[in-house]
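The values are calculated or read from the model by the stated rules, or taken from the named source; none is laboratory data. If you're wondering where the values come from, they're calculated on a predicted model, not measured in any experiment. Using ideal geometry, Cβ is built from the backbone for each residue, glycine included, and neighbour counts are taken over all protein chains shown. For the accessible areas, the whole protein counts, side chains as well, though only heavy atoms, and no ligand, DNA or RNA atoms are used. Shrake-Rupley method; radii C 1.70, N 1.55, O 1.52, S 1.80 Å.
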Amino acid sequence: MRISTILITSILAVAAFGCGKNDPASGDPDAGNGSGSGSGNDPNAAFTIQSTDTVIPAGGEVTYCYYFHTPNTSNLVVNKWVSDMTPGSHHMIFFTGGAAHADGLDMSDSCGVGGSTNIAKWVFASQTAHLEENLPADDGTGKPLAQIIAPNTLGAFQMHYLNSTDGPLTVHVKLAAYALTEGTPYTETDAYITYNQDITIPMGSTGTDATATCPTPAGAKFWTMSTHSHKQSVETKVMDGSNMVVDSTDWEHPSVTSWDAMPFFTYASNSVTWTCHYKNDGETAPPDNSGSIIHAGPHATTDEMCMATGYYFPSIGPKFYVQIGGNCIAAN
């Protein structure tokens, strides 16, 4: 199944969206044990994971992965995430599952993914230094929304680093999970992610659009939506038919539309349409790519992406869609 390989290798190389509600030392060998190890960890967290420190040289842009197993011994019903990233960390994505991999730092740039089985599950993402994501406390029937982390789950941080300084940076990311009290009734929520592979931006372009449409799960209620693109992008939109859902002009920190309580958002068209408007005329941030044709790819300064990203409930599993060859194809 070629489509699964394309989707996962692309998604694990993206710069992520941040959809939280608040944006306000050397590697720790015990950082994944959930015991409050590492600097500044909250003992009230169900577990805290911190990646191993690594050094990014001046001007460097790299994608690394940090693999671990979660320390919980029973299902963890998470209703809050808190992440922290050192300077130089452009974004992080927390995935669960995927192909088996030894714990520790993977600097190969591939994140060890590919193939058509063991597809990784997007759980949480951030591209701000400190992010607190509180899942909605009431699904409309009095139950909080939550994400489920199974015991001893294989996890991975996909970490994109951009060091724009004149010197090396020592970097890591940290994520804390907060759980509902055992036995609390809840409604499960999961990610809805799209990716447009059909991007071609001509040399010197002063205006090129990439648009795609993919279905939403039947009866899905969304509590947050955003977009993701790269530096040639000057505007991104998410539409429900002709109605605007998200409109953003900041590719590094795109706008987020959130619904914290009833009524949550349901797509009347039963589909998500998303558009990215690009310029390749040399007027965006360095480097100047106007002499090259730009296609879909992982690098924030030389390639492009066009994504709609969000979370929905009640979950029937994480949803990943890719637009390729003019068709929207589900990869799970």
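Some points to look at:
- Residue tally, condition under 19 Å from the mean Cα position of the chain (by Cα), open to solvent by 20 Å² or more (accessible area, probe 1.4 Å) and under 20 Å from ALA150 (Cα atoms), over the stretch 61-81: 3
- Residue in the stretch 193-200 that is open to solvent by less than 60 Å² (accessible area, probe 1.4 Å), touching a strand residue (DSSP E or B) at 6+ places or on another chain (Cβ under 8 Å), over 30 Å from GLY282 (Cβ atoms) and assigned to a strand (DSSP E or B) present: yes
- For the stretch 224-242, the candidate set comprises residues that are out of contact with any strand residue (DSSP E or B) (no Cβ under 6 Å at 6 or more places or on another chain) and in a loop (DSSP other than H, G, I, E, B); within that set, the residue that is most open to solvent (accessible area, probe 1.4 Å) is SER242.
- Filtering ALA150, ALA129 for residues that are touching a Leu at 6+ places or on another chain (Cβ under 9 Å) and surrounded by fewer than 19 Cβ atoms within 10 Å (Cβ to Cβ) leaves a single hit, ALA150.
- The set of residues from the stretch 301-317 being crowded, with 22+ Cβ neighbours inside 10 Å and closer than 22 Å to THR63 by Cβ comprises GLU304, MET305, CYS306, MET307, ALA308, THR309.
- Check on LYS221, among the basic types (Lys, Arg), buried (at least 21 other Cβ atoms within 10 Å of the Cβ) and more than 16 Å from the chain's Cα centre (by Cα): yes
- Criterion applied to ALA268, ALA177, ALA218, ALA261 was being part of a strand (DSSP E or B) and either farther than 23 Å from ILE293 by Cβ or hydrophobic (A, V, I, L, M, F, W, C) (or both), and the one residue passing it is ALA177.
- Any pair with Cβ under 6 angstrom, 6 or more apart, that starts in the stretch 76-98 at a residue that is within 22 Å of ASN163 (Cβ to Cβ) and ends at one that is hydrophobic (A, V, I, L, M, F, W, C) and open to solvent by 20 Å² or more (accessible area, probe 1.4 Å): MET85/ALA129; GLY88/LEU169; HIS90/LEU162
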